[in-house]
Structure formats: structure tokens, C-alpha cells
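Okay, so here's the structure we're looking at.
No lab work stands behind these numbers, since they all come straight from the coordinates. Computed from a prediction, not measured in an experiment: that's the story for all the values here. Cβ sites come from the backbone with ideal geometry, for glycine too, and all protein chains shown count toward neighbours.
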Amino acid sequence: MKLYPNLVAGVLEVLEWSFGKGWYADRVVDKVLRANKKWGARDRAFVAQHSYEMVRWWRLLWALKGEEPTLKRKKLKELFELYWAWKMEATLTLPSDLPMGILESFPPWLDDRGLEAYGEKWPSMAHALNAQAQVILRVNTLKATREKVLDRLAAEGIEAEASDLRPEAIVLAKRPRLQHLSSFQEGWYEVQDGGSQCIAPYLDPQPGDRILDGCSGAGGKALHAAALMKNQGEILCMDIEGYKLSEASKRAQRAGVHILQTGLIAHTADVLERGAWADKMLLDVPCSGTGVIRRDVDTKWKLQPEHLERTLQLQANILHRYPDALKPGGRLVYATCSILPEENEAQIDAFVKAQPQFTLEEQVRISPENAHSDGYFVAVLQKMS
């Protein structure tokens, strides 16, 4: 394959901005592609693919080069050549004695946390987190069945198959653009990771339920709950980011969901102003994102231990305050896209000890070792009547 200098330069620019200025890789890739509008689809795919892969394998590549990381353009070009020889030409063989943290390209502190939490299972989990993420769809059962969606995608030239992870899940063979397809525009499905699709069912959503999604983001799990409720009842999506709530409303309109409302959180009082009204509550709290590293490849480099400590405090504040909006006898589902026990089991242990009116019914780890799923944690609790 011929390498074009301008495309390689595009990859190197992504590395400079991502590691030098702290931008997330997807944002820089978008910036670089917008600045080079004459590039064709293959050119754009080249820059995106190899930018993400070099970010993913950053520590390993520098270890293979035998040098400390630098952002000097000459050195980055040499690093690209080494990467190309390893990944694309298969002319470079990895040494057999590389430490696991280098082999799987994790920062030392995160490698240590993973080893402490998972022991001998950590290498396979770390390897899974480095696999390229697949595109997973969730069928909107308010509008179609999985069989109908598969047939329609095939008619639109999209190769796809059913996933065994969830009855609504479909996995795509490639990474096509979907937004221009009529099936997408008509709300027949949402793009949603398979593990994420497992969260809403733990609420046991039923027609007529009143559900509070306290950290809703753009509403993916709330939309899933609405479909399981057959569009009957009430769902209130709340978040501190107004633009995410606007996106949730747009998605609901496309999906034909009319039971979803949104509410901006400026203070905890905004969550509690209606009193104990919700039958069920989802708290998909802000987290480290360590379960979705293969989808957000530079999370492992941006995340630092001090960031994690602040996140743990935020999680505890939400978990200990928001459930006052839950009715006695109501169901609370706590979820993260983290693989770290301190964000998961440890938070639940502390909560149950401090809030004896809640009992833990079950807690589940959803492993990223399933090719159709990122890493998630779910805990289901019941509030005593």
C-alpha cells in the first residue's frame, strides 16, 4: 500500500494535538478532516483509523522504539514507520519478554489497578479493551422488529447480523455512515453498545411506570426503557448538560417516544423538587470510562489518579442524594461504564451501609471480553416500603 505524505502528516497532527494539547482524539480527527475537505472517503478513513490505532498503542510503540515519548515531528514520523511495519506490513515481531502493561499499552498506574482488581484475568480483559469497537444497533421495537430492521439494512446495502447479547441488538460488519439512511431517519434503531443495551432492562420497566433517569446524558438508556414500557408512562431525563438533554429530545422525536421529558440539573434540589415520586430510578453516574477504552481510545492516557478521586466523590454525592426522589418500595439501578471496583462494588457497599432503607438485590459486571459489549457494572437495589 502506497503511503501519501499528506495523509501521514494528518495522523501526526492528531498525535500532536492529542498528546500535546490534551484534546481527545476524535475531536482532533474531526478537526483535521474538516481542514482537508478534498480528501476522499478512503483518505479520511486512513487518517481516522491510523490515528486511533497509534493513540491506542502509544506506550507500546515508544517501548519498541526504545525512546521516551516526544512530539517532535521527525520522531513522530519515525514512530509511524515503526507502527506501519508492525501493524500493516507484519515485518516487525514483538519481543516475547515485554511486560503486560507495555504489551497491552496501558499507563503503569492503570495497569496496576487492573492487576489488583482482576489478577490473572486482567491480561485478557486488557487485551479485549484494545480490540477495535464494533458498531452495535438497538432495534426500536416501537417501530420495527429485529428481522424487519435486518431486511431493511440489507436493502440499503448494510451488512449486519443479529447479536446474541440482547434480543434488540444488531452488529454491523463494517463502520458505515448511517445518518443518511431512511431507516435511521425514521427511527427504526439507535446506535447503542450491546452492554449499554443491558442496563435499562434491570429497571424492569413496565407500562405506566414513572421513571427518573438522573444522569441521562443524551438519553440512550431512557429511550430503551420507553420502548420496553410500550410508550406508556413517564420518563424524566435529567442532566447537568443542557445540550445533552436537547439531543435526548431530538432522539425521542425520531424514535416516536412521547413519554420522555427533560429537566436541567443546576442543583441537587432540582432532582428532589417533586418529592418521592419515581417508581424507578436509573443512576448511570459519571465515571472513569475505563470500560469503554476501546471506543474512546485515549481515555487511558487522559485519565489520571487525581481525576478518579474527584469522580469517586461525585458518584457518592449523587448516589447518596438523588434516591430521595424514589418512592418507598421503588427500584434503584446504579450503573457505570467502568471496570474499577472502587467505582462499582465499593460505592454500593458504602451506600447500603449508610442507607439501611435500601437492600441490594443483585450486582453484575458486564465484561468487555464480549465482542459486542463494552465494560459495565450494574447494581439493583430496592427501597423499603
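Worth pointing out:
- Rounded to 10°, Cα long-axis angle of helix 5-20 versus longest principal axis of the chain: 50
- A simple packing score, the average count of other Cβ atoms within 10 Å per residue, orders the peptides 312-319, 53-60 as 53-60, 312-319, with the highest score first.
- Modelled spin labels at T91 and A276, positioned 7 Å past Cα toward Cβ, are 7.1 nm from each other.
- Residues of the stretch 53-74 with amide N under 17 Å of a point placed 7 Å along Cα→Cβ from N6: none
- Spatial offset of the stretch 185-250 relative to the stretch 301-361 amounts to 20 Å, using the alpha carbon center of each.
- Test item: Cα-centred dipole of the chain, Lys/Arg +1 and Asp/Glu -1 on Cβ, debye: 1400
- A crude spin-label estimate for the pair K250 and Q313, with each label 7 Å from Cα along the Cβ direction, gives 3.4 nm.
- Charge dipole of the chain about the Cα centre (unit charges at C-beta), most positive-ward option of L82, A227, Q185: Q185
- Cα-based shape type of the stretch 1-139, given that a ≥ b ≥ c are square roots of the gyration tensor eigenvalues and the cut on a/c is 1.5: prolate
- Ordering of 169-177, 63-71 by burial proxy (mean other Cβ atoms within 10 Å per residue, highest first): 169-177, 63-71
- All other residues whose Cβ lies under 12 angstrom from that of E369 are scored, Lys and Arg at +1 and Asp and Glu at -1, for a net of +2.
- Acute angle (nearest 10 degrees) that the helix 25-35 long axis makes with the longest principal axis of the chain, alpha-carbon atoms: 60
- Stretching Q357 away from E147 to a fully extended chain increases their span by 71.2 nm, per 0.36 nm per residue minus the current alpha-carbon distance.
- Around W277: net Lys/Arg minus Asp/Glu count, Cβ-Cβ under 13 Å: 0
- Mean residue ellipticity at 222 nm, helices only, the chain: -12500 deg cm²/dmol; runs of at least 4 DSSP H residues each add -39,500 (n - 2.57), and the sum is divided by the number of residues.
- Cα shape, the stretch 83-175, gyration tensor, a/c 1.5 rule: oblate
- Rounded, prolate or oblate (a/c below 1.5 giving rounded, otherwise prolate when a/b exceeds b/c) for the stretch 194-383 by Cα gyration tensor: rounded
- Highest average first, the peptides 304-311, 13-20, 288-295 ordered by how many other beta carbon atoms sit within 10 Å of their residues are 288-295, 13-20, 304-311.
- Reachable aspartates and glutamates, given that their alpha-carbon falls under 12 Å from the alpha-carbon of K21 and they are not under 8 places away in the same chain: E13
- Computing Cα extents along the principal axes in Å directly from the structure and comparing it against [x] 55, 51, 44; [y] 65, 46, 40; [z] 65, 50, 37 singles out [z].
- With a simple spin-label model that places each label point 7 Å from the Cα along the Cα-to-Cβ direction, the separation between A162 and E68 comes to 5.7 nm.
- Using alpha-carbon coordinates, inclination of helix 146-155 to the longest axis of the chain, degrees: 40
- Relative contact order of the chain, pairs being alpha-carbon contacts under 8 Å that are 6 or more residues apart, as %: 14
- Dipole of the stretch 23-84, positive end: most advanced residue of V32, L71, M54 [Cβ charges, Cα centre]: V32
- The local environment of K244, defined by Cβ-Cβ distances under 13 Å, has a net charge of -2 under the rule Lys, Arg +1 and Asp, Glu -1.
- For the stretch 115-136 versus the stretch 40-114, the gap between their alpha-carbon centres in whole angstrom: 18
- Between H320 and L82, the contour length at 0.36 nm per residue exceeds the Cα-Cα span by 80.7 nm.
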